[in-house]
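Structure first, then comments.
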Amino acid sequence: VFQDTKLSWPDAFLACHLSTSTSRPRSDSELPKMPNEFADALFEGKNIVRLQLPEGVIPVETIRTPVGSTADVRTVEIGIAVVIISAFLFLVHAVGRTVTRLGSTPVGLSVKKQ
């Protein structure tokens, strides 16, 4: 089961240094909302221009998102539980093999040396 989701394109801006820019001066109404300290530090001495979309372009993308079915919830829960238990048992087995291979005793057990 899939769900179609429509996402709008983000607004894009171009910042050019005043010495190299031939565009019109920036208009504060076109700028994205941001703190004044940040905007002044980032855009001081620059012209800001909002990039225009080409004619005929619809600024929306549609993506298909898999959402699953509520009838499958029980099967998915059982599958996840089996995977988690299997991974735990594999780790216990791997720790046991490692302890045996290294010739050590598990933590907490003491061996009397003669």
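The values are calculated or read from the model by the stated rules, or taken from the named source; none is laboratory data. The structure presented is a predicted model; accordingly, all values stated were derived computationally and were not measured. Virtual Cβ from ideal backbone geometry, glycine too; neighbours counted across all protein chains shown. Please note that ligands, DNA and RNA were not included when accessible areas were found on the heavy atoms of the full protein model with its side chains. Shrake-Rupley method; radii C 1.70, N 1.55, O 1.52, S 1.80 Å.
Summary of values
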| read-out | value |
| --- | --- |
| Tabulated pairs, region 65-92, first touching a residue at least 12 places away in the same chain (Cβ under 8 Å), second hydrophobic (A, V, I, L, M, F, W, C) and open to solvent by less than 100 Å² (accessible area, probe 1.4 Å), C-beta under 9 angstrom, 6+ apart or interchain | Gly68/Val76 |
| Test set (1) in contact with a strand residue (DSSP E or B) (Cβ under 6 Å, 6 or more places away or on another chain); (2) among the aliphatic types (A, V, I, L, M); (3) more than 25 Å from Thr5 (Cβ to Cβ) - Val67 fails condition number | (3) |
| Filter pass, Lys6 being in contact with an Asp or Glu (Cβ under 8 Å, 6 or more places away or on another chain) and modelled with pLDDT of 70 or more | yes |
| Subset of region 57-85 that is of a type in the set (Ser, Thr, Tyr) and in a helix (DSSP H, G or I) - its residue that is surrounded by the most Cβ atoms within 10 Å (Cβ to Cβ) | Thr75 |
